[in-house]
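Notes follow once the structure below has been shown.
The values are calculated or read from the model by the stated rules, or taken from the named source; none is laboratory data. The model shown is predicted, which means the values in this text are computed figures rather than measured ones. Reconstructed Cβ throughout: ideal geometry from the backbone, glycine too, with neighbour counts over all protein chains shown. The area values use the complete protein model at the heavy-atom level, side chains included, leaving out ligands, DNA and RNA. Shrake-Rupley method; radii C 1.70, N 1.55, O 1.52, S 1.80 Å.
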Amino acid sequence: MDSTFDFSPIGIVHSCFKEKFGIPRQPGLATAAGGILEILPPFDEDEAFHGIGTFSHLWVVFVFHGIPKGKWQPTVRPPRLGGNRRTGVFATRSTFRPNPIGMSAVRLDKIDRQNGSLHLHLSGIDILDQTPVLDVKPYLPYADSIPEAVGGFAATAPDSSLIVEFTESSRQACIRLEKTRPDLMTLIIQVLQADPRPAYLRHSPDRKEFGMRLYDLDISWSVQETTLVVQEIRRST
């Protein structure tokens, strides 16, 4: 049996997430997280996407981008298990897989062309910027939603009691920046409430300041018990 497969990306994602830190660990946790899937030639024929606008959500199948090649691990430490208990990689959605393929159910907001390129506008994404996409398929509620399914150690959505606050200067910066980045404040709140910190740092008394990149912005925040305070929002240099 031929075990060699060649795949050509059909597109590339332009995401608000410019680095891995801060990306929600599942799609839909940050509904304000948006991106554009740019379809590449020769797959950008209008006929190939005829009817896709009648679906509200899509499955996006992609290659995990920005991880070392060949670094799969048979066991991993899922954040939902506190980051200190190991379980089999195939019982998780870890990026460190034999074949670094991911899939996410995301909302399709619209489809259009810009400067000749076919664009699918997506939201609720958990995908790193510049990620290659192998395929898109429509999400079918009657088949893809299984109410009686059992979720193992991740049976329910993460329960976050974190409160997100802004300093006055960061709030004003956010208001200014939302003129070109709609829903920026909502995005920051949703990302931080999902707690992007590694599990082993969540209870560390020594690490109280963190930062991440969203769009072309550096976001810094501090931790005060169960409150995360956004200290500064500035353009990345």
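The single condition from (1) of a type outside the set (Asp, Glu); (2) at pLDDT 95 or above; (3) touching a Lys or Arg at 6+ places or on another chain (Cβ under 8 Å) that Leu201 fails is (2).
If I filter the stretch 12-45 down to residues being in contact with a helix residue (DSSP H, G or I) (Cβ under 9 Å, 6 or more places away or on another chain) and of a type in the set (Gly, Ala, Ser), which single residue comes out as farthest from Arg80 (Cα to Cα)? Per the criteria, the residue is Gly34.
Please work out if Arg77 is open to solvent by 70 Å² or more (accessible area, probe 1.4 Å) and touching a strand residue (DSSP E or B) at 6+ places or on another chain (Cβ under 6 Å). Considered against the rule, which asks whether it is open to solvent by 70 Å² or more (accessible area, probe 1.4 Å) and touching a strand residue (DSSP E or B) at 6+ places or on another chain (Cβ under 6 Å), Arg77 comes out as no.
Can you name the residue in the stretch 30-58 that is in a loop (DSSP other than H, G, I, E, B) and among the polar types (S, T, N, Q) and is also nearest to Val136 (Cα to Cα) among such residues? That would be Ser56. Residues of the stretch 46-58 that are open to solvent by 60 Å² or more (accessible area, probe 1.4 Å) and either in contact with a Phe, Trp or Tyr (Cβ under 6 Å, 6 or more places away or on another chain) or of a type in the set (Val, Ile, Thr) (or both): Thr54 alone. Test Leu118 against the criterion of being of a type outside the set (S, T, N, Q), surrounded by 17 or more Cβ atoms within 10 Å (Cβ to Cβ) and in contact with an Asp or Glu (Cβ under 6 Å, 6 or more places away or on another chain), and give yes or no. The answer is yes for Leu118. Candidates are the residues of the stretch 202-218 that are among the hydrophobic types (A, V, I, L, M, F, W, C) and in contact (Cβ under 8 Å) with a residue 40 or more places away in the chain; the one that is nearest to Gly82 (Cα to Cα) is Met212.
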